[in-house]
Amino acid sequence: MIAGMHTTQDDFYVRNHGNVPVIDETLHRISVSGQVSRPISLSLNDLKSRFERVSVSAVMQCAGNRRADLFSVKPVSGDPWAPGAIGNAVWTGVRLKDVLESAGIMCVGETHVVFAACDDCEAEGKRFRYGVSIPASKALSGDVLLAYEMNGEVLSPEHGYPLRVVVPGYAGVRSPKWLASIEVRDKPSDNHMQQREYKLFPASVDEASADWENGTTINDMPLNSAICEPNDGATLCAGPVRVAGYAVATGTSVARVEVSSDDGVTWTQAALNVEPSTPWSWTLWTVELALPEGTHELSVRAWDSAGQTQVSQVADVWNFKGYLSTAWHRITVTAQ
Ligand SMILES: Nc1nc2c(c(=O)[nH]1)N[C@H]1C(S)=C(S)[C@@H](COP(=O)(O)O)O[C@H]1N2
Ligand SMILES: [Mo]
């Protein structure tokens, strides 16, 4: 079920690689260092009083959203997310751009903005603090926020209190919660989260053969859509059935959403509900299908403003880490 255009904090999925740190907002400082002419250390109060307060409505989604679908081909590692590792919220805070500019960011050649967080993670027998990076070009785009509110409420501990990064359009992994520091430098973060997770490999590669230097770093999220209503496996009354869900595009916009009950032979176009004045939100859609008695497989696919669509077969997007599961979303329902 999608309750509405914006997902409440309580309904919003939570993805934590480590603990939920307990942070005293009055003592917490965020440092900005590296290739800057004026390294700074900011309290939450400094951020709120020195920089413009701005809001951006944007989707947060895990690169592993819809991973569960990939298991039908071959097992993958990671949490078997259904289509619910996604939400849309109004994020409020300050522009990362404004903070970087006040520190005097120096971009010479390839430049990255490296974030470190406060949570302790563990992988390959090592403990480390969560950290990732984004290219400076994205960091300076104006829509990337250091956010302290979600839907007008103070961030809850699970969603990153007191401060998180929100990188609209990028995979959730690039939006660290419990932000501790920002460093500007000439290469991406050395952190395990950047180097050994959230990289895309072809189907022929497995855990043992993966050359991590050559995997594609997942930043921008691809076109995707999913059916949220009815539930997979539901039993319904035969006749007109309301089918609803979301579609999401980054960089482009959702132009069309279609639902099929005959494996893509024919399609019915859905009505779209687009949030005005933000390119980073999801598009909600609904359609009414007349379903006769029997068992039906329903599929959805979206088209974007560049005329691209989703592939039909899960096998075409399978990868051993289970990222970017974007084939047509299919559910099975029984009408009686
Ligand atoms: N510090 C920190 N930030 C993090 C994570 C984390 O484990 N630690 N998980 C990331 C991942 S993989 C995702 S998908 C999003 C999820 O954000 P949410 O839990 O607020 O929905 O947070 C990202 N930011
Ligand atoms: Mo994620």
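The values are calculated or read from the model by the stated rules, or taken from the named source; none is laboratory data. Predicted model only: the values in this text are computed from it and were never measured. Note: ideal-geometry Cβ built from the backbone for every residue, glycine included; neighbour counts use all protein chains shown. Heads up: the accessible areas ignore ligands, DNA and RNA and are worked out on the full protein's heavy atoms, side chains in. Shrake-Rupley method; radii C 1.70, N 1.55, O 1.52, S 1.80 Å.
Observations on the structure shown:
- Top-ranked residue in region 283-309 [being open to solvent by 10 Å² or more (accessible area, probe 1.4 Å) and either assigned to a loop (DSSP other than H, G, I, E, B) or touching an Asp or Glu at 6+ places or on another chain (Cβ under 7 Å) (or both); ranked as farthest from A234 (Cα to Cα)]: A306
- Taking the conditions (1) farther than 21 Å from L146 by Cβ; (2) at pLDDT below 95; (3) hydrophobic (A, V, I, L, M, F, W, C) in turn, A82 satisfies each one other than (2).
- If you filter region 1-53 down to residues that are in contact with a helix residue (DSSP H, G or I) (Cβ under 9 Å, 6 or more places away or on another chain) and not in a loop (DSSP other than H, G, I, E, B), you find that the one that is most open to solvent (accessible area, probe 1.4 Å) is R50.
- Residue within region 151-158 that is closer than 27 Å to T8 by Cβ and within 16 Å of ligand 2 (Cβ to nearest atom) present: yes
- Test result for N214, polar (S, T, N, Q), more than 17 Å from V311 (Cα to Cα) and in contact (Cβ under 8 Å) with a residue 24 or more places away in the chain: no
- All conditions in (1) more than 12 Å from ligand 2 (Cβ to nearest atom); (2) open to solvent by less than 40 Å² (accessible area, probe 1.4 Å) hold for M60, with the sole exception of (1).
- In region 134-168, the qualifying residues are those that are within 13 Å of ligand 1 (Cβ to nearest atom) and among the hydroxyl-bearing types (S, T, Y), and the one that is surrounded by the fewest Cβ atoms within 10 Å (Cβ to Cβ) is S156.
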